[in-house]
Amino acid sequence: MLQIDNLKASIGDTEILRGVSLDIGAGEVHAIMGPNGSGKSTLAQVIAGHDDYRVTSGSVTFNGQNLLELEPEERAREGIFLGFQYPVEIPGVNNAYLLKAAVNAKRKHQGLAEIDAFEFLKLAKEKMALLGMDPKFLNRGVNEGFSGGEKKRNEILQMAMLEPRLAILDETDSGLDIDALRAVAEGVNALRSPDRAIVLVTHYQRLLDYVQPDHVHVLSAGRIVRSGDKSLALELEERGYDWVREAAIG
Amino acid sequence: MNSAALSFDALQEAVEKLPDGRLAASRRAALEHLRQHGLPTTRDEDWKYTDLSSLVDIGNQSIECDSDRSRSPELERQIESIKRSIEADWLVIANGLIDDRSVRAFDNANVSVSRLSDSDAELEYRAPLSDLNTALLHDGLHIHINANAGLKRPIGILFIDDATIAAGMSQARVEIAMADNSDASIIECHSSLGSARHYANSVVKLVLGSGARSNYVRIQERSQHHDQTGRLSVDVGRDSEFNHCAFDLGGGLIRNDLSIDIAKPGGRTAFDGLYLIGDRQHVDNHTRADHRVGPAESQQEYRGILTGHSRGVWNGKAIVHAGADGTDAAQANHNLLLSDKAEIDAKPELEIYADDVKCSHGTTIGQLDEAALFYLRTRGLSRHDAKQILTRAFAQAIVSKSPIDAIHGVLSEKIAARLGELMGGATM
Ligand SMILES: Nc1ncnc2c1ncn2[C@@H]1O[C@H](COP(=O)(O)OP(=O)(O)OP(=O)(O)O)[C@@H](O)[C@H]1O
Ligand SMILES: [Mg+2]
């Protein structure tokens with residue numbers, strides 16, 4: 001589904017991704033771990049199309065399409081969803097309005113009619129109930145004054161409404177209480193299907209207890225230094241990152 | 001570019017042609033004042049950025065106020081359409097002439113409406129352009145709201161000018177007296193039509209009695225080749241409340257002066273505004289709050305959105321006079337510049353001569369938040385739509401503050417439509 005080949009990306013003169021290669025197949029769940037500042041969010045943002053980052057070489061292919069040629073909104077409509085590590089507050093833009101506009105942008109791209117207002121509300125409330133979100137959040141400004149955990153739940157709500165083909169969740173599990181973590185994990189598991197893929201960027205085993213990954217990768221200093229199955233995450237939890245870094249150099 | 005360009009012979013002649021009566025003495029005094037002081041020029045600090053010389057040209061061409069000009073069907077249609085879109089009891093001043101039908105139809109036991117020519121009071125003419133207004137005034141409206149009256153419907157005052165037949169200049173004058181403990185919503189609406197040039201000069205005075213509350217909205221949506229200078233002066237009564245919101249959505253050259261005079265304690269005033277300025281438009285908002293006694297509040301926030309080759313001016317002055325302890329004055333002005341050819345001069349001015357005061361001001365000039373734009377785009381919204389949404393949200397902050405809830409919907413629609421024009425077509 002998503003092929004990343006020797007991707008290098010810089011911001012200003014600083015190279016942050018220094019040759020990342022990754023192959024994510026339909027139906028798979030991948031976890032990306034790695035120390036702070038290793039480039040995990042950068043990778044996620046480059047896939048979503050942030051133009052602060054300059055791709056200097058390599059390729060990213062999504063279902064056979066050159067992703068790097070597409071605008072961020074085109075990538076979204078093709079089914080890529082990024083759950084932000086730091087969701088942006090947008091005062092004055094109604095949460096329900098954004099959700100609906102996002103759903104309709106995708107439907108339009110698929111040649112479908114706009115979603116019926118009643119149906120939209122029903123669906124949104126259903127998803128919110130699953131995530132343990134008060135329907136009042138629909139009428140607030142997007143992430144405006146939301147607590148850290150509320151923002152993350154809101155990201156998952158958007159994901160649940162948009163049903164993306166590829167979801168990249170950048171530390172969506174950070175800052176969540178135990179109930180929220182379970183709710184988010186259930187949201188992710190509900191999305192799992194043979195024709196979808198999920199990438200979890202995380203620092204913790206906790207989320208991976210709920211959402212079992214097929215593959216685990218370690219990103220360090222802009223490169224993937226080790227890949228394995230879910231046992232790699234457990235090993236990291238025990239031994240820290242130095243061990244992989246040393247192994248990579250050695 | 002200064003008063004020299006104003007033709008006083010023509011003015012004198014025009015003043016003499018106006019109907020004789022109780023206003024005649026004020027007119028002559030105002031003309032004399034104008035002759036001595038002239039119109040403001042860009043050498044005056046308060047008029048540094050707004051040059052009236054092009055207005056003087058229109059004025060000289062059409063000083064006379066011809067009272068028998070018949071009204072075009074287009075004008076009638078526009079008046080009807082405005083009245084229909086905003087729920088209020090309307091009074092209409094068209095081309096500077098009071099619309100008698102609207103006065104006769106005005107029916108509210110708690111409000112009396114009369115002509116200024118029916119009263120003996122001398123008209124105030126000493127503020128800039130008030131002299132021009134008084135000298136050439138055909139007639140004005142006096143609105144009195146009874147003590148303790150709480151009006152259910154807003155009073156709408158429509159200032160409309162028709163330049164379909166010829167270029168013109170018009171003077172409009174309204175005085176509103178709200179007696180003690182009265183409560184009323186007032187909507188000032190400025191509109192125009194026609195492709196010839198026009199310059200409208202309005203002066204409105206609002207006097208609030210003790211404990212009175214006025215919720216006041218001004219909507220300016222003149223067509224692009226029509227200019228306006230408008231003054232609103234407010235005398236704030238003891239423990240009274242003035243909540244004001246202004247929307248400048250149209251016009252060519254626009255200058256608004258809002259003066260708030262606080263000479264009795266306990267007043268709470270909030271005056272906010274929004275200006276949307278597009279190509280070849282110039283919108284200047286000057287506000288001034290005189291705190292002569294305390295405690296009293298003046299809180300203001302103006303926001304502007306500028307596109308194309310446009311110019312905006314915001315100048316907010318608060319003067320806290322000696323002894324006005326307990327004053328709380330805050331000024332904020334935020335601007336969104338959507339074009340590199342747009343220009344804004346934003347200036348807060350605080351003059352404080354009292355000790356125990358709370359004053360603050362803040363001004364920002366910026367572009368749309370790139371992080372928010374990117375976030376919206378990752379949700380599938382086009383860059384164009386994302387920009388529109390963020391811009392509307394920026395404007396909506398003022399709409400939500402606007403004190404007459406019933407017109408929030410109409411205002412949002414007008415703003416969305418205007419932003420659609422300014423930002424190149426609405427697609428959502
Ligand atoms: N706009 C920027 N300007 C300069 N440096 C940047 C910028 N954005 C990212 N970086 C740098 O790039 C590196 C990678 O950052 P990134 O956010 O991708 O790390 P991360 O792996 O997601 O870290 P964390 O686990 O803390 O979220 C960091 O050293 C960061 O400081
Ligand atoms: Mg990160």
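For a footprinting-style exposure proxy, rank B:E370, A:E155 by other Cβ within 10 Å, fewest first.
B:E370, A:E155
Using label points projected 7 Å from each Cα along Cα→Cβ, tell me how many nm separate B:D57 and A:S193, to one decimal.
According to this spin-label approximation, the distance is 6.7 nm.
Defining a contact as two alpha carbons under 8 Å apart and six or more residues distant in sequence, what relative contact order in percent does chain B show?
Result for chain B is 10 percent.
In what order do B:K358, A:K8 fall by count of nearby beta-carbon atoms within 10 Å, going from fewest to most?
Details: B:K358 12, A:K8 18.
Ordered from fewest to most neighbouring Cβ atoms within 10 Å, B:K358, A:K8 come out as B:K358, A:K8.
What number in nm² do you get for the range B:41-171 if you take the convex hull of its Cα atoms and divide its surface by four?
10.3
At q = 0.09, 0.11 Å⁻¹, what log₁₀ I(q)/I(0) does a Debye calculation on the Cα points of the protein assembly as shown give, no solvent, two decimals?
Reported log10 I(q)/I(0), two decimals: -0.83, -1.05.
Treat each spin label as a single point 7 Å out from the Cα along the C-beta direction, and report the B:S114 to B:R71 distance in nm.
2.4
Across the range B:17-23, in residue order, what do the Karplus-derived ³J(HN,Hα) couplings come to in whole Hz, using 6.51 cos²θ - 1.76 cosθ + 1.60 with θ = phi - 60° and x for Gly and Pro?
Values, residue by residue: 7, 5, x, 6, x, 5, 7 Hz.
Just round it to a whole percent: the fraction of Cα-Cα distances in chain A exceeding 34 Å.
Everything past 34 Å amounts to 15 percent.
Apply the Debye scattering formula to the range B:234-381, with a single equal point scatterer on each alpha-carbon and no solvent, then give log10 I(q)/I(0) at q = 0.09, 0.19 Å⁻¹.
The Debye formula, applied to the Cα set alone, gives -0.33, -1.01.
Decide, for the range A:99-203, between rounded, prolate and oblate: order the square roots of the alpha carbon gyration tensor eigenvalues as a ≥ b ≥ c, take rounded if a/c falls under 1.5, and otherwise choose prolate if a/b is larger than b/c, else oblate. Provide the component values of the computation, followed by the final result.
Details: a/c = 1.88, a/b = 1.22, b/c = 1.53.
In terms of gyration-tensor shape, oblate.
Is there a simple number for the mean count of other chain Cβ atoms within 10 Å of the Cβ of residues in A:67-75, and what is it?
4
By its C-alpha gyration tensor, with a ≥ b ≥ c as the square roots of the eigenvalues, how is the range B:333-386 shaped: rounded for a/c under 1.5, else prolate for a/b larger than b/c, else oblate?
It is oblate, given that a/c is not under 1.5 and a/b is not larger than b/c.
Contact order normalised by length for chain A, with contacts defined as Cα pairs under 8 Å and 6 or more residues apart; what percent is it?
27
For B:E301, which sequence-distant residues (separation of 5 or more, or a different chain) have an amide H within less than 5 Å of its own amide H, given hydrogens modelled in the peptide plane?
B:F271, B:D272, B:G273, B:A332
I'd like the mean, over residues of B:365-378, of how many other protein chain beta carbons sit within 10 Å of each residue's own Cβ. Mind showing how you got there, number by number?
Working: counts 0, 0, 0, 0, 4, 4, 7, 7, 3, 11, 13, 11, 11, 16.
Counting Cβ atoms of other protein chains within 10 Å of each residue's Cβ and averaging gives 6.
Could you pull out every residue, at least 5 positions away or on a different chain, whose amide H is within less than 5 Å of the one on A:G19? Hs are placed 1.01 Å off N in the peptide plane, and Pro or chain starts have none.
Excluding prolines and chain starts, which carry no amide H, the hits are A:L7, A:K8, A:A9.
How large is the convex hull of the C-alpha atoms of the range B:3-264 per residue, in Å³?
That works out to 121 Å³ per residue.
May I ask you to evaluate 6.51 cos²θ - 1.76 cosθ + 1.60, the Karplus curve with θ = phi - 60°, for each residue of the range A:139-150 and list the ³J(HN,Hα) values in order in whole Hz, giving x for glycine and proline?
Values per residue, Gly and Pro as x: 9, 9, x, 4, 6, 5, x, 5, 6, x, x, 5 Hz.
Averaged over its residues, how many other protein chain Cβ atoms are within 10 Å of peptide A:84-93's Cβ atoms?
For this peptide, the per-residue mean of nearby foreign Cβ atoms is 6.
Given H placed on each backbone N at 1.01 Å, which residues far from B:M169 in sequence or on other chains put an amide H within less than 5 Å of it?
The list, which skips near neighbours in sequence, is B:Y199.
Provide A:E119, B:E122 in ascending order of the number of other Cβ atoms located within 10 Å of each residue's Cβ, fewest first.
A:E119, B:E122
What is the distance, in nm, between label points placed 7 Å from the Cα along the Cα-to-Cβ direction at A:E186 and at A:E235?
3.4
Which FRET efficiency value, to the nearest 0.05, is calculated for B:K358 and B:D46 with the Förster distance at 25 angstrom and r the Cβ-Cβ distance?
Working: r = 26 Å, r/R0 = 1.03.
After rounding to 0.05, the efficiency reads 0.45.
Would you report the distance distribution of C-alpha pairs in the range B:87-144 as whole percents per 10 angstrom bin, up to the bin with the largest distance?
Using 10 Å bins, I get a P(r) of 20, 48, 27, 5 for the range B:87-144.
Please list 3J(HN,Hα) in residue order for the range B:255-269, calculated via the Karplus relation 6.51 cos²θ - 1.76 cosθ + 1.60 where θ = phi - 60°; whole Hz, with x for glycine and proline.
Values, residue by residue: 10, 10, 10, 10, 10, 10, 10, 10, 10, 10, x, x, x, 10, 10 Hz.
Among B:L55, B:L373, B:L123, whose mean-square fluctuation peaks in a Gaussian network model of chain B (Cα, cutoff 10 Å)?
Fluctuation is largest for B:L373.
Taken together, the values in this text are just the output of simple stated rules run on the coordinates, not laboratory data. Everything numeric here is computed off the predicted structure, so don't read it as measured data. Cβ: placed from backbone, ideal geometry, glycine included. Neighbour counts: every protein chain shown.
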